[in-house]
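All remarks here apply to the structure that follows.
The values are calculated or read from the model by the stated rules, or taken from the named source; none is laboratory data. None of these values were measured; they are calculated from a predicted model. Quick reminder, even Gly has a Cβ in these numbers, built from the backbone with ideal geometry, and neighbours come from all protein chains shown.
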Amino acid sequence: MLAGIAVALGVTLFWKISIHSACAVAVLALAVTPWALLLAPVVIATAWARVRFGDHTTAQVIGGAVVGAVVATLAFSALT
């Protein structure tokens, strides 16, 4: 999570991404069980809320989700 937040904050210096979406996707990516798919609606609701309340654009939420997924996958791969 720390690596994901660090990368997301670094990206946010140049382009505002949704750190909420990045963290939600990272948690989903790191939960190594098919049951984690049950959390997908939480990730989608987080993304929708960030756009709906005007905190982010759709592109910023997608960017956050991509950063969260990539960093979580790389960090997890490095540890295993």
- [ ] Look at Ala26 and say whether it is crowded, with 20+ Cβ neighbours inside 10 Å, modelled with pLDDT of 80 or more and either among the small types (Gly, Ala, Ser) or over 9 Å from the mean Cα position of the chain (by Cα) (or both).
- [x] no
Task: Ala40, sole failed condition from (1) under 14 Å from the mean Cα position of the chain (by Cα); (2) surrounded by 13 or more Cβ atoms within 10 Å (Cβ to Cβ) - done: (2)
TODO: Go through (1) more than 12 Å from the chain's Cα centre (by Cα); (2) at pLDDT 85 or above one by one and return the number of the condition Phe76 breaks.
DONE: (2)
Open item on the list: For the stretch 48-70, which positions are over 17 Å from Trp15 (Cα atoms) and buried (at least 17 other Cβ atoms within 10 Å of the Cβ)?
Closed with: Ala69
